[in-house]
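The values are calculated or read from the model by the stated rules, or taken from the named source; none is laboratory data. These numbers were taken from a predicted model, which means no experiment stands behind them. Using ideal geometry, Cβ is built from the backbone for each residue, glycine included, and neighbour counts are taken over all protein chains shown. Areas reflect the complete protein model, heavy atoms only, side chains present, ligands, DNA and RNA absent. Shrake-Rupley method; radii C 1.70, N 1.55, O 1.52, S 1.80 Å.
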Amino acid sequence: MRLRRLLLRYYPPGIILEYVQGGEPKTRSIDLLDLRPDTDAIALVEEIRKGEPLITASCKEHVIHLVRRLQEKLGEKEDHKFCLFKVLRAHILPLTNVAFNKSGSRFITGSYDRTCKVWDTASGEQLRTLEGHGNVVYAIAFNNPYGDKIATGSFDKTCKLWNTETGKCYHTFRGHSAEIVCLSFNLQSTLVATGSMDTTAKLWNIEKGEEIVTLSGHSAEIIALSFNTTGDRIITGSFDHTVAVWDVGTGRMLHTLIGHRGEISSAQFNWDCSLIVTGSMDKTCMLWNAMTGTHIATLTGHSDEILDVCFDYAGQRIATASADGSARVYNAETKKCIAKLEGHGGEISKVCFNPKGNRILTASSDKTARLWDAATGHCLQILEGHTDEIFSCAFNYKGDIIITGSKDNTCRIWH
């Protein structure tokens, strides 16, 4: 094994090793999820060296330098105020979803008008329209971190794979017998998964354009799915009140997470693949051991349905969004509620952390999006201007641009 180079990964903090083994170029990462600005960098690197043969004495100083750069990033103070940059009259019918590519240079919008549009973030210009679906384009995604492909899932029961730059359709994936409502690429960008109202999920090979396996076992619609970062597991959340954990290689169901008393609204792995968080219409959020499928904790406190849940990048905090008009932040380790985000005048359908994990963005039916301090729950800013409910919001990777999508048929870029 020969080390070729070391790369920084800011979110979540880590160092990527590029190396050659048996003539093949490979990468692996050292995750530094617990890194703090005051961590002793020299002692940390000594610790890393014990378990990582590629980090030799000759590159020790360089690794210490990289760790210190990560610490500088973590320690940066920010009081960024977002201002409206552009209103995009994106579609002639309501939007369904918005999504960024990894760098934030492009974003996409899906709509009831049966199209997906690709936008340039810096200028707000429409780059291309992806046409071909015969019904609502509901689920959309870039194959991040690469961003050279886009997947669109439609009520026409198909999923299409597109070239981001040319807008050419590579494949149309057919096989579902009802609407596709969720989809996801694996991080390795070899597979796309689709979840459908037909109670199944399917895994598709991106290169060949073929179905690999159907994940059957739920007794009701699948409305959420998520790969883990290593790409060997996928979870599906269903209206049958359960979440299933599947082996990606075999398509075998490994665990069924049973405990919720209402439909699942969202489900996600944390970064290191050790935990799964689930949100449900039963007003609770649950935490599960991803390896064994055992229930760890139930996070309570909301007085109405939980509509969205997410981890921060490092997997240390969980945010929940509810129909009760509030969001909450929980510590994933202690399971305690550390902040209540109160102030919206209507249900919150979407919640997300900025990449650094110190800010939370919420989208609400009260026509506003709000920015919050993740540690204190203090509302830092209200993003106003939409004339109908906001159901989608996202940060770019640097955390300095926000997009919001609304039922008013516009999407807004905030800098």
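What the table shows:
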read-out	value
Loop-located GluC sites (Glu not before Pro) in the range 283-347, at most 13 other Cβ atoms within 10 Å (DSSP)	E333
The chain - percent of accessible surface contributed by carbon and sulfur, probe 1.4 Å	47
Alpha-carbon centroid distance for the pair the range 159-207 / the range 214-254, whole angstrom	15
Gain in span if fully extended, D247 to K60, counting 0.36 nm per residue against the direct Cα distance	63.6 nm
Burial ranking of peptide ranges 19-26, 396-403, 203-210 (average Cβ count within 10 Å, highest at the top)	396-403, 203-210, 19-26
Efficiency of FRET from Cβ geometry, T230 and S105, R₀ 45 Å, rounded to 0.05	0.95
Table column - 3J(HN,Hα) (Hz), the range 229-243, Karplus curve with 6.51, -1.76, 1.60, x for Gly and Pro	5, 7, x, 9, 10, 9, 10, 10, x, 10, 5, 7, 6, 10, 10
Overall Cα dimensions of the range 84-414 - principal axes, largest extent first, Å	47, 47, 28
Most positive-pole-ward Cα, S105, N270, S303, against dipole of the chain from beta carbon charges	S105
Eligible lysines near K117 by straight Cα distance, threshold 23 Å, same-chain separation 8 or greater	K86, K102, K149, K157, K160, K168, K350, K367, K398, K407
Cα-based reach from K77 at 18 Å (exclusive), listing aspartates and glutamates while leaving out same-chain residues under 8 positions away	D38, D373, D400
Proportion of all alpha-carbon pairs of the range 2-75 beyond 20 Å (%)	25
Listed residues C273, C337 arranged by accessible area, highest first, probe 1.4 Å	C337, C273
Using a Förster distance of 41 Å, the FRET efficiency for L33-E207 (Cβ separation, nearest 0.05)	0.80
Exposure ranking of D408, D34, D388 by accessible area [1.4 Å probe, largest first]	D34, D388, D408
For the range 2-75: relative contact order, % (alpha-carbon pairs under 8 angstrom, 6 or more apart)	27
Gained length - K26 relative to E78, 0.36 nm times residue gap less alpha-carbon distance	15.2 nm
Where labels lie 7 Å past Cα in the beta-carbon direction, separation of T376 and S123 in nm	4.1
